[in-house]
Amino acid sequence: MVKRQVPKPSELFELMHFKAPELNGRKRRLDAALTIEDLRKIAKRRTPAAAFDYTDGAAEGEFSLGRARQAFEDVEFHPGILRDVSNVDTSTTIFGGPSAYPFGIAPTGFTRLMQTEGEVAGASAAGAAGIPFTLSTLGTTSIEDVKAANPNGRNWFQLYVMRQREISYGLVERAAAAGFDTLMFTVDTPVAGARLRDKRNGFSIPPQLTLGTVIDAIPRPWWWWDFLTTPTLEFASLSSTGGTVGELLDSAMDPSISFDDLDVIRSMWPGKLVVKGVQTVADARKLTDLGVDGIILSNHGGRQLDRAPIPFHLLPEVVREVGNDTEIAIDTGIMNGADIVASIALGAKFTLVGRAYLYGLMAGGRDGVDRAIQILTDQIVRTMKLLEVAHVAELEPRHVTQLQRLEPRPRP
Ligand SMILES: Cc1cc2nc3c(=O)[nH]c(=O)nc-3n(C[C@H](O)[C@H](O)[C@H](O)COP(=O)(O)O)c2cc1C
């Protein structure tokens, strides 16, 4: 028999913990987001479909992105025991400078279209967190304004070598003059990938006011208010052009670029030169022999060649081949700090996040980027503590197994 009693009012009182309601809607929304996926959901509600899909989507059947994320889900961690992990050190060095965590913000084009604070939010949040920020050639904030937003932190510049070489070279010179320390030459874009969502949405810059976009705008008035009341969207690095996204991308990309271009850029750039979009062991070797300061294993977040190799699967072999000779970073599919920890354990020196940052930006501007960074850094620290690893440099391959779901079958 359960014994029952009449509850005393004082006991009930003790249980009551009513918090004052948070009146700041942005803060309330962001505080409730516990994962990058939560930020994505908020972003989707608040951003017009065409801009959200441009960010969220990938090329063709979007297999590459799905596979990259699955590969991270398929990580199995092997923790140690009984080590003092009261304090963990997440700091590292990469491309000749420090970073408070082993990740930075990847270059993304059209960023102010996703949310009006754009690169200024990204660069200032990165500066505050002590991690590097990368400005894209197709960024919507100028090199100089990014420097002003992140005056003391590390800024990197991502380069597309365009048909009109002088435009690209001009950007390289400006980035050097503004004190950007690393140039990231993207090489996986001879032409733009087929982003089918953009085609279906008729996504263009500036956005067109069609019946569809007007209906889509009704539940998202603040995005349009921001868009219409802030300076016109144009490429702050390039001379302003308009058109469909495919046309704009194709105007920035040149299918004839070659290793000769790498030589030219090397001779112009005083800082660290790294190549983004490396997808084979042989190319990693070749670039390393050519003396680049780093390579970024990436399939562009699945936005270029669909069914391209999963960078995380490529990582161990590339580390074995060139890990002692150059610095290897990796991106594509990172949605959790644990993905970052797993990448470092398998030998990457650094990681980049694209969408994870953009979901935060779309969810709440600068505060949203802060929240995205905080979610990732909390996950990194917690994962390291649970693995019983006190320093990033102590993460080793023994901490991670890649489960086999997506492993290639042995060749006959
Ligand atoms: C909306 C968007 C725009 C991008 N624009 C560029 C770009 O201009 N230049 C570039 O090198 N990579 C670009 N990328 C690729 C990112 O730098 C990065 O490789 C990719 O986002 C990593 O995958 P993740 O989004 O899963 O983190 C873009 C990615 C996204 C999502």
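The values are calculated or read from the model by the stated rules, or taken from the named source; none is laboratory data. These numbers were taken from a predicted model, which means no experiment stands behind them. So basically every Cβ, Gly included, is an ideal-geometry build from the backbone, and we count neighbours across all protein chains shown. Side chains are part of the model used for accessible areas, which takes the heavy atoms of the whole protein and leaves out ligands, DNA and RNA. Shrake-Rupley method; radii C 1.70, N 1.55, O 1.52, S 1.80 Å.
Rounded to the nearest 20, the size of the Cβ-charge dipole of the chain about its Cα centre is 1360 debye, with Lys and Arg at +1 and Asp and Glu at -1. Given in Å, the Rg to one decimal and the Dmax to the nearest whole number for the Cα atoms of segment 288-373 are 14.2, 43. Each residue was assigned an accessible area with a 1.4 Å probe, and for His78 the value is about 70 Å².
Of Asp31, Asp260, the residue with the largest accessible area leads and the full order is Asp260, Asp31 (1.4 Å probe).
Could you tell me which of rounded, prolate or oblate describes segment 87-152, using a ≥ b ≥ c as the square roots of the eigenvalues of the alpha-carbon gyration tensor, with rounded for a/c under 1.5 and, failing that, prolate when a/b is larger than b/c and oblate otherwise? Cα axes put segment 87-152 in the prolate bin.
Carbon-plus-sulfur accessible fraction, segment 116-195 (probe radius 1.4 Å, protein heavy atoms only): 55%. When the surface is traced with a 1.4 Å probe over the full set of protein chains, Met335 keeps roughly 30 Å² accessible. Farthest toward the positive end of the dipole of the chain, out of Leu34, Ala393, Leu159, is the Cα of Leu34, where the dipole comes from beta carbon charges about the Cα centre.
Remark: relative contact order (the chain) = 27 percent; criterion is Cα-Cα distance under 8 angstrom and separation of 6 or more residues.
DSSP bridge analysis restricted to the chain gives an antiparallel fraction near 25%, rounded to the nearest 5.
Shape analysis of segment 351-412 places it in the oblate category; the axes a ≥ b ≥ c from the Cα gyration tensor give an a/c of at least 1.5, with a/b not above b/c. When the residues Met268, Met362, Met16 are ordered by accessible surface, computed with a 1.4 Å probe over the protein chains alone, the sequence from largest down reads Met16, Met268, Met362. Between the residues Ile215, Phe180, Pro102, the greatest Cα displacement towards the positive end of the dipole of the chain, with unit charges on the Cβ of Lys, Arg, Asp and Glu, is found for Ile215. Checked against a 21 Å cut-off, the cross-linked pairs Lys147/Lys272; Lys286/Lys349; Lys276/Lys349; Lys44/Lys199; Lys19/Lys41; Lys44/Lys385 give Cα-Cα distances beyond that limit for Lys19/Lys41; Lys44/Lys385.
Packing, taken as the mean count of other beta carbons within 10 Å per residue, orders the peptides 158-164, 85-91 from highest to lowest as 158-164, 85-91. Considering all different alpha carbon pairs of segment 1-121, the Kirkwood hydrodynamic radius works out to 20.5 Å. Note on segment 25-402: Cα-Cα pairs beyond 35 Å make up 19% of the total pair count. For segment 1-69, the orientation-averaged shadow of the C-alpha convex hull comes to 10.5 nm² (one quarter of the hull surface). Taking all protein chains into account, the per residue accessible area for the chain stands at 47 Å² (1.4 Å probe).
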